[in-house]
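This report concerns only the one structure given below.
The values are calculated or read from the model by the stated rules, or taken from the named source; none is laboratory data. Bear in mind that the values here come from a model prediction, so they are computed numbers and not experimental data. A quick note on method: Cβ atoms are made from the backbone with ideal geometry, for glycine too, and the neighbour counts reach across all protein chains shown. Heads up: the accessible areas ignore ligands, DNA and RNA and are worked out on the full protein's heavy atoms, side chains in. Shrake-Rupley method; radii C 1.70, N 1.55, O 1.52, S 1.80 Å.
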Amino acid sequence: MFQSCDRKQEETKNESPVEFNQKLQDELRKMAEIDQIAAYIPQGKYKEMTNEEWNSFKDSVFTTHQIRLKEIFDKHGFVGFDLAGEEGSFNFWLMVQHSDHNPDFQGKVLADMRIKMEKGNASKRNYAYLTDRVNKNLGKKIIYGTQVSYNEYGQAISRPLEDSANVNERRAEVGLESIEEYLNRMTVSHFEMNKENMLKKGITEPKLYKVPNE
């Protein structure tokens, strides 16, 4: 996994008492609201945009946010629970997830997130998701099976996995459901979002995996 280049220095920085920052939590909440508009399919007034306009809007949101996220990261490191609560920490992580145009930045955030996660100051589940995101963007095998693609039947399949035989053990360690349950959830969501096209292909229901011990 991605390791910090200067872990000892980061650990020393993180030992100082941290004062809760309400202003930062509020700022991250507002940023995340816009991020979610850009990350989803066009809704409301955004439906009126051409594909070119929509893609330009999305790129602008993610790029602009990443500049601000870097400023926050340079000052605080990964935003832990102590600094901005679980909500603020989640929103910071969420937007880092969408900074795919800058995997080097994502990797630096991941390294500091690991330090804070090991101290109970960041989410294990979210750490797993960001680990896979970074690995995917660097062309490496993923660890937890959270990054997927879809086959011709609309069934979610994990991207290439490191040590696939033990993925459910690793997922359990960070509080994730079995990979079969996860892939089924993604498959159902994909089917519902693309139901019209699925029906045209003769696929009338999601194609699911057998869940262990079900």
Notebook entry, point to check: Hey, among Asp132, Asp112, Asp104, which residue is touching a strand residue (DSSP E or B) at 6+ places or on another chain (Cβ under 8 Å) and assigned to a helix (DSSP H, G or I)?
Noted result: Asp132
Next item on the list: Starting from the stretch 37-60, keep only residues that are at pLDDT 95 or above and surrounded by fewer than 10 Cβ atoms within 10 Å (Cβ to Cβ), then list their pairs with residues that are of a type in the set (Lys, Arg) and assigned to a helix (DSSP H, G or I) whose Cβ atoms are within a distance under 8 Å, requiring at least 6 positions of separation or different chains.
Entry: none
Next item on the list: Within the stretch 166-177, work out how many residues are surrounded by fewer than 13 Cβ atoms within 10 Å (Cβ to Cβ) and either of a type in the set (D, E, K, R) or over 11 Å from Ile143 (Cα atoms) (or both).
Entry: 4
Note to self: Among the residues of the stretch 107-124, are any open to solvent by 20 Å² or more (accessible area, probe 1.4 Å), more than 26 Å from Pro17 (Cα to Cα) and either in contact (Cβ under 8 Å) with a residue 60 or more places away in the chain or not hydrophobic (A, V, I, L, M, F, W, C) (or both)?
What the structure shows: no
Margin query: With the requirement that a residue be buried (at least 16 other Cβ atoms within 10 Å of the Cβ) and closer than 25 Å to Pro103 by Cβ, what does the stretch 20-36 give you?
Written below: Leu24, Glu27, Leu28, Met31, Ala32, Asp35
Checklist line | Output for the stretch 98-129, where each listed residue is among the basic types (Lys, Arg) and closer than 20 Å to Tyr182 by Cβ | finding: Lys124, Arg125
Margin query: Being surrounded by 12 or more Cβ atoms within 10 Å (Cβ to Cβ) and either touching a helix residue (DSSP H, G or I) at 6+ places or on another chain (Cβ under 6 Å) or farther than 28 Å from Glu87 by Cα (or both) narrows it down to one residue among Lys141, Lys136; which is it?
Written below: Lys141
Next item on the list: Could you list all residues from the stretch 69-90 that are open to solvent by 20 Å² or more (accessible area, probe 1.4 Å) and over 18 Å from the mean Cα position of the chain (by Cα)?
Entry: Glu71, Asp74, Lys75, His76, Asp82
Note to self: Return the pair list, or none, for Cβ contacts closer than 9 Å from residues in the stretch 188-206 that are open to solvent by 100 Å² or more (accessible area, probe 1.4 Å) to residues that are among the aromatic types (Phe, Trp, Tyr) and in a loop (DSSP other than H, G, I, E, B), at least 6 apart or on different chains.
What the structure shows: Lys201/Tyr153
